[in-house]
């Protein structure tokens with residue numbers, strides 16, 4: 001299992017992801033500088049405000065280092081992180097990283113007051129067969145490319161998808177006590193070699 005997972009810590013709910021990883025016995029590193037990426041076995045783009053995150057990523061020149069990282073090592077994006085990882089976003093204020101072949105609509109379920117919790121069928125996670133999904137100003141995945149695998153759906157729409165070493169979901173697994181999605185992501189890091197980014 002991965003020994004060191006980074007969480008982009010420019011804005012958003014990075015602390016809860018870190019707590020979940022530490023509960024699983026994994027070192028969690030809050031990433032605030034591009035130079036920290038090289039020591040990580042995987043990376044999480046957390047939920048937050050996608051327009052703010054995009055501005056900060058641009059300000060601190062994270063775009064190309066994140067793309068290089070994702071070519072070699074697993075990356076998980078949750079909620080706003082899914083928006084940033086997408087190929088297309090419906091808001092011109094957000095420049096996506098284009099790491100996974102999906103199209104995303106921001107705030108598709110409504111405002112903060114329209115946030116909700118529901119159980120979704122999650123056969124990819126084993127037992128129990130459902131996962132308690134928390135949607136907060138959640139985006140909607142409105143299109144998937146042919147190589148994108150739909151892992152979890154809600155109301156006939158994908159809410160957790162994977163393409164290669166990129167995993168994205170439109171809800172917040174870090175706000176639950178259920179570590180299975182983080183464990184699933186950690187399993188992705190075991191199946192890949194972890195070459196250094198130095199000198200690439």
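Who wins for biggest fluctuation among 23, 188, 160 in a Gaussian network model of the chain, springs between alpha carbons below 10 Å?
It is 23.
So, R0 is 25 Å and r is the distance between the beta-carbons of residue 142 and residue 49; what FRET efficiency does that work out to, to 0.05?
Working: r = 20 Å, r/R0 = 0.81.
With a Förster radius of 25 Å, E is 0.80.
Return the Rg/Rh value of region 92-195, two decimal places, where both radii are evaluated on C-alpha atoms and Rh is the Kirkwood radius.
Values: Rg = 14.1 Å, Rh = 14.7 Å.
Ratio value, two decimals: 0.96.
Of the candidates 168, 26, 104, which one comes out as most mobile in a Gaussian network treatment of the chain with C-alpha springs shorter than 10 Å?
In the Gaussian network model the winner is 26.
For n ≥ 4 DSSP H runs only, could you compute -39500 (n - 2.57) per run for the chain, divide by its residues and tell me the 222 nm figure to the nearest 500? Please report the intermediate quantities before stating the final value.
On the way: 5 runs with 47 residues, N = 200.
Calculated from helices alone, the mean residue ellipticity at 222 nm is -6500 deg cm²/dmol.
Could you work out the percent of alpha carbon pairs in region 30-73 separated by over 11 Å, rounded to a whole number? Could the numbers behind the result be given before it?
Numbers: 648 of 946 pairs.
Value for region 30-73 (Cα pairs over 11 Å): 68 percent.
If the viscosity is 1.306 mPa s and the temperature 10 °C, what translational diffusion coefficient in µm²/s does Stokes-Einstein give for region 4-190 when Rh comes from Kirkwood over Cα pairs?
On the way: Rh = 16.1 Å.
D = 99 µm²/s.
Among 176, 51, 78, which one shows the highest mean-square fluctuation when the chain is modelled as a Gaussian network with alpha-carbon springs under 10 Å?
Highest fluctuation of the listed residues: 176.
Let's test this: bin the Cα-Cα distances of region 1-100 at 5 Å from zero up to the farthest pair and state each bin's percent.
The percentages, shortest bin first, are 3, 14, 27, 28, 18, 8, 2, 1.
Values in this text are rule-based calculations from the coordinates and carry no lab data. What you see is a predicted model, and the numbers here were worked out from it, not measured in a lab. So basically every Cβ, Gly included, is an ideal-geometry build from the backbone, and we count neighbours across all protein chains shown.
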